[in-house]
Amino acid sequence: MYYYTVIPMFLFGLWYNIYLPKRYGGTAGKLVVGISIIRLDGAPIAWKEATMRYLVTLVFVVMTFCLMIYCLGKADEETYLGMGWMKRTAYLITFSPLLFKITSWSQSLWDFSELVVLLTNPRKRGPQDFMAGTVVVKTIYLDKIREAMKPSEIEE
């Protein structure tokens, strides 16, 4: 069936959410609007910080992929392939409605908590920033931020 789509989607998520921030200081969207992710000491983020920022979302992605693979294994291939995209999703949900609801609600709760934490702290850091020890700043201020930090603390 559609098992082969899981690995490319997973790899794309890792590339977009971990590699791009590590390599360029942010995802494509952040870079387009002129913001970057840095460590609290002003240094560029490393693999550890990039991974920590994406860790909770990665857990939800893995849970969703496992759930989809489980449901695809129970689905009738002919019935599944004869449906449109939206109907396929509804069909798969019928094989494990409780797990889909738990995963969906948990992810929604995490997303809502990100918004609340972001709006209620003075530096506008999200939970992922606290976990990774990072902050998102306007790219135009990077040089001034790094000048204000001790040169020996910044790792290139």
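The values are calculated or read from the model by the stated rules, or taken from the named source; none is laboratory data. Everything quoted here is computed from the prediction, not taken from an experiment. Positions of Cβ are generated from backbone atoms using ideal geometry, with glycine treated the same way; all protein chains shown enter the neighbour counts.
Couple of notes before you dig in:
- If the condition is being surrounded by 16 or more Cβ atoms within 10 Å (Cβ to Cβ) and not hydrophobic (A, V, I, L, M, F, W, C), then region 30-63 contributes Lys30, Ser36, Arg39, Gly42, Pro44, Glu49, Thr51, Arg53, Tyr54, Thr57.
- Within region 88-114, residues that are of a type in the set (Asp, Glu) have Cβ atoms under 6 Å from residues that are at pLDDT 90 or above and surrounded by 15 or more Cβ atoms within 10 Å (Cβ to Cβ) in these pairs: Glu114/Gly126; Glu114/Pro127, counting only partners at least 6 apart in sequence or on another chain.
- Check on Ser108, more than 30 Å from Arg23 (Cβ to Cβ), surrounded by 14 or more Cβ atoms within 10 Å (Cβ to Cβ), out of contact with any Lys or Arg (no Cβ under 6 Å at 6 or more places or on another chain) and of a type in the set (S, T, N, Q): no
- Within region 72-86, the residues that satisfy the criterion of being assigned to a helix (DSSP H, G or I) and either among the polar types (S, T, N, Q) or touching a Lys or Arg at 6+ places or on another chain (Cβ under 9 Å) (or both) are Thr79, Tyr80, Leu81.
- Where helices (runs of 4 or more DSSP H) sit wholly within region 1-71, none has at least 3 residues that are among the small types (Gly, Ala, Ser).
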